[in-house]
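*Asks:* Could you have a look at this structure, given as structure tokens, before my questions?
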Amino acid sequence: MLKKRIIFTLLHQDNNFFLSRNFNLQKIGNLEWLKRNYNFTLMTKSVDEIILLDVSRKKQNLNKFCSVIRSLTDNCFIPLAVGGKIDHLDKAKKYIDSGADKLVINSKLFFNNKLLNSIAKIYGEQCIIGSVDYKRSGSSFDIFTNNGSSHVQIKLKDLFKSLNNLPVGEIYLNSIDRDGTGNGFDFKILNHVPKQFSKPIIFSGGAGNFNHFTQALKNKKIDAVATANLLNFVGDGLQEVRRLIINQGFKLSEWM
């Protein structure tokens, strides 16, 4: 059995970090606040990866965002995936040069295969995380891009077929309905994942406590669980969750 992963997601805009609930943002604090409440040097004992997303609704300040990437990777030896407004190869390169190990791509996942192919050619498919934001629509689901503001006209069976053929290393599935609620994950979308789907799945949207993590990690279709719920896991909260999960017999990496 392959080891599963716990991922911490950080949402950034205008030099501050935010909580998100159904994609509505609430400012929490700046970089100094984050470092005060989360010891990133010790994060290696808590999480396997960090995802940093620029969720700016306005024009992005690329230089400032890249300085945040560099600051987070200073004395922090956890793989960092960075996303937000990756619309051309030069920006992807700038994120990597600033310290990103992987790139998270959402909007261009559906509309720019040329960009995906260019990034994969330079850095490899394993460098790309395809991000899919979804929302319930009766018994099915709708797919959105651009921070949940743009509806993509695609059926789920066609979505997963397309994702399987794209040059991406894994898929980040994020529920808009459960985002930031802490009420647990919505597993229904996994019923639409075909058996032959070959990409690892990062599951996100709804984690609020230890039980939510274990419920998700038991699922054979889920390779990693992500949480962006900063306040629920402040201090040593993530480290404690990891300890409890390992004690339950789950295969997670352990470091001394």
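Bear in mind that the values in this text are calculations on the coordinates, not laboratory data. Please read these numbers as outputs of a predicted model, since none were measured by experiment. Methodologically, a virtual Cβ is constructed for each residue, glycine included, from the backbone with ideal geometry; neighbour enumeration extends over all protein chains shown.
*Asks:* Please enumerate the residues belonging to segment 45-60 that are surrounded by 14 or more Cβ atoms within 10 Å (Cβ to Cβ) and not in a strand (DSSP E or B).
*Replies:* Lys45, Ser46, Val47, Asp48, Val55, Ser56, Gln60
*Asks:* What number of residues within segment 138-150 are over 20 Å from Gly83 (Cβ atoms) and surrounded by fewer than 17 Cβ atoms within 10 Å (Cβ to Cβ)?
*Replies:* Residues that pass the stated criteria total 4.
*Asks:* Let me ask something else. Within segment 157-167, can one find any residue that is touching a strand residue (DSSP E or B) at 6+ places or on another chain (Cβ under 9 Å) and either loosely packed, with under 15 Cβ neighbours inside 10 Å or assigned to a strand (DSSP E or B) (or both)?
*Replies:* No, segment 157-167 has no match at all.
*Asks:* Something else now. Just to be sure I understand the filter: pairs with C-beta atoms under 6 Å, separated by 6 or more residues or on different chains, first member in segment 80-91 and within 17 Å of Arg70 (Cβ to Cβ) and in contact (Cβ under 8 Å) with a residue 40 or more places away in the chain, second member among the aliphatic types (A, V, I, L, M) and surrounded by 14 or more Cβ atoms within 10 Å (Cβ to Cβ). Which pairs pass?
*Replies:* From residues that are within 17 Å of Arg70 (Cβ to Cβ) and in contact (Cβ under 8 Å) with a residue 40 or more places away in the chain, the pairs are Ala81/Ile51; Ala81/Val104; Ala81/Ile129; Gly83/Leu53; Gly83/Val104; Gly84/Leu53.
*Asks:* Determine whether segment 70-84 contains at least one residue that is small (Gly, Ala, Ser), crowded, with 17+ Cβ neighbours inside 10 Å, within 20 Å of Phe144 (Cα to Cα) and within 19 Å of the chain's Cα centre (by Cα).
*Replies:* Checked segment 70-84: at least one residue is small (Gly, Ala, Ser), crowded, with 17+ Cβ neighbours inside 10 Å, within 20 Å of Phe144 (Cα to Cα) and within 19 Å of the chain's Cα centre (by Cα).
*Asks:* Restricting the search to segment 92-144, which residues are of a type outside the set (D, E, K, R), within 19 Å of Pro167 (Cα to Cα) and in a strand (DSSP E or B)?
*Replies:* Selection gives Leu103, Val104, Ile105, Ile128, Ile129, Gly130, Ser131, Val132.
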